[in-house]
Amino acid sequence: MRMSSARGQATVETIALVPLLLIVGLGLMQLLAVGYASVLAGSAAEAGALALAGGTDPRAAALRSLPGWSEAHTKIDVEGGRVEIRLRPPSMLQALGERLEVGAAAEVEEP
């Protein structure tokens, strides 16, 4: 009788841990998404600055360097020789996704 009671308790404890494991997993996935978006923003800022140095449209170059999903979540500012990118990372929770934003900037010297 005791063996069956212990087995039942272990099952209940395991089931109770599932939501916690899901929350931790979602948190880790969100951290990875923020890191990925940060790398993308840095690359886009650099592409925009290189285009600016080459005399072409920095906004178009920055957008071309980003994946398609990020177009609606990207803000590009160009001032002088500086290109600044702000990007909202993908998120499974809309409320969280609207509050997160990463940014990067690249600058070229004007001749």
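Structure summary
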read-out: Residues satisfying the stated conditions in segment 52-62, i.e. modelled with pLDDT of 95 or more and either hydrophobic (A, V, I, L, M, F, W, C) or at positive phi (or both); value: A60, A61, A62
read-out: Those residues of segment 52-69 which are more than 15 Å from L87 (Cβ to Cβ) and without any contact (Cβ under 8 Å) to a residue 12 or more places away in the chain, in sequence order; value: G54, G55, T56, D57, A60
read-out: Residue within segment 72-85 that is touching a residue at least 12 places away in the same chain (Cβ under 8 Å) and part of a helix (DSSP H, G or I) present; value: yes
read-out: Condition broken by S91, with the remaining ones in (1) part of a loop (DSSP other than H, G, I, E, B); (2) loosely packed, with under 13 Cβ neighbours inside 10 Å satisfied; value: (2)
read-out: Given (1) part of a helix (DSSP H, G or I); (2) more than 14 Å from the chain's Cα centre (by Cα), index of the condition A33 fails; value: (2)
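The values are calculated or read from the model by the stated rules, or taken from the named source; none is laboratory data. Quick caveat, the model's predicted, so the values are computed rather than measured. Quick reminder, even Gly has a Cβ in these numbers, built from the backbone with ideal geometry, and neighbours come from all protein chains shown.
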